[in-house]
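Laboratory data are not the source of any read-out in this text; all were calculated from the coordinates shown. What you see is a predicted model; the values in this text were computed from it and never measured. Using ideal geometry, Cβ is built from the backbone for each residue, glycine included, and neighbour counts are taken over all protein chains shown.
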Amino acid sequence: MLDVERYLGALPVPDYCDPVDLLTEALPTLKPPRRIDVPDWAANERRLRTPSYSGPWKNDFAPYMVEPSRMTTSRRFGAVAFTGPARTVKSDSLILNTFGHRVCCMPREMKIICPTEATAKEFSRKKVSPMIRATPTVAERQLSGRSADALHDKQFRGGMNLRIAWPVIGELSMFDIPDMLLTDYDRMVDDVGGEGSPFDLSIKRNQTFGSMGMTIVEGSPGRPILNPDFKPSTPHEAPPATGIMAIYNQGTRGRYYWTCPSCNEPFQPLFDRLEWETKDTPGESAKTVVMTCPKAASSSPLRATI
């Protein structure tokens, strides 16, 4: 039989914690948020490390994402929704850059919701972890404990905790979360446990934080149009559909405009405003494509091109 008192008496007494270390870990929670928006933080601090490019983040990669990214720190709007084609830097600009900004400038609870458990694992491995490793200001703020770098949970100084999850009711109920980020929205279920859409449930998680709460949702349209004969009755109105397009129609319906260098007026870069010369091969024809400004073209025999 083990003599417990003799056994415990033989163990070395652990050293006391160093108060300097405790203060160093706790003080970031008292720092006020840095007054810098997401695209400016990304341009200053985010680093990319890919097979094709290694270096600083440049907002010129996707200038159309600057304004949506800037809205992620807005006190006026409670949600940001962006819909666009695949491979247009949506998740990098709105999800990863916002995550990095919160770690460095506004530490607080955050949850990223992916369409399925499998995609949540892949997003953690192939998106979040490489972003942390490539960006020194984010990596240096990650805690060193065993649970600080788990597959679905990342912990950082200042009370910043990231949860990478998928749309099940246990992840979208009960707890108050100031930042809810939903990626690839049209691949998610429309109803979570009979209690509502992932977007509606995420908005409720922000409610306690008032104007400080934010839900961010991005995705490429993947749902069928409910009315094939739809004709818009208001500017920028999208065809009726479920998913990300329905969220877009509920909001301000902002669209990206180009500024004509000739007349200095903004216009939408629509496909029917492209012009090109017909050459021997499609590749040669593609080199002649220009975008025309409708106003400058109507007031002058020479078309203003972008």
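Fewest neighbouring Cβ atoms within 10 Å first, the residues 189, 128 line up as 189, 128.
Where both bridge residues fall in the chain, DSSP classifies roughly 45% of the beta bridges as antiparallel.
For region 135-152, the Karplus equation 6.51 cos²θ - 1.76 cosθ + 1.60, evaluated at θ = phi - 60°, returns couplings of 10, x, 5, 7, 4, 6, 9, 6, 5, 9, x, 4, 8, 7, 9, 7, 4, 9 Hz by residue, with Gly and Pro reported as x.
Per-residue counts of other Cβ atoms within 10 Å, averaged by peptide: what ranking do you get for 76-82, 97-103, 162-168, highest first? Walk me through the numbers before you get to the answer.
Working: 76-82: 18.7, 97-103: 25.3, 162-168: 20.6.
Output ranking for 76-82, 97-103, 162-168: 97-103, 162-168, 76-82.
Scanning residues 5 or more positions from residue 216 or on other chains, those with amide H under 5 Å from its amide H are 80, 180, 181, 182, with H placed 1.01 Å from N in the peptide plane.
Just need the relative contact order of the chain here, percent rounded to a whole number, with Cα pairs under 8 Å and 6+ apart.
Taking the mean separation of contacting Cα pairs over the length of the chain, I get 15 percent.
Note on the chain: GNM, Cα springs under 10 Å; of 290, 138, 89, the largest mean-square fluctuation is that of 290. For the chain, modelled as a GNM whose springs connect Cα atoms under 10 angstrom apart, the maximal fluctuation among 90, 111, 126 occurs at 126. Most tightly packed first, judged by the mean number of other beta-carbon atoms within 10 Å of their residues, the peptides 55-67, 249-261, 223-235 read 55-67, 249-261, 223-235.
Multiplying the residue separation of residue 125 and residue 89 by 0.36 nm and subtracting their alpha-carbon distance yields 11.2 nm.
List, in the order given, every pair from 90/126; 58/121; 111/204; 90/154; 58/287; 127/154 whose Cα-Cα distance in the structure shown is over 19 Å.
Details: 90/126 15 Å; 58/121 27 Å; 111/204 13 Å; 90/154 22 Å; 58/287 26 Å; 127/154 13 Å.
Checking Cα-Cα distances, 58/121; 90/154; 58/287 exceed 19 Å.
Farthest towards the positive end of the charge dipole of the chain, among the residues 258, 152, 41, is the Cα of 258, using unit charges on the Cβ of Lys, Arg, Asp and Glu. Whole-Hz Karplus values for region 250-261 come out as 7, x, 7, 6, x, 10, 7, 10, 9, 9, 5, x Hz, taken residue by residue from phi with 6.51 cos²θ - 1.76 cosθ + 1.60 and θ = phi - 60°; glycine and proline positions read x. Starting from the Cα gyration tensor of region 67-145, take the square roots of the eigenvalues, sort them a ≥ b ≥ c, and report rounded, prolate or oblate (rounded when a/c is under 1.5, otherwise prolate if a/b is larger than b/c, else oblate). Oblate is the answer for region 67-145, as a/c is 1.5 or above yet b/c matches or exceeds a/b.
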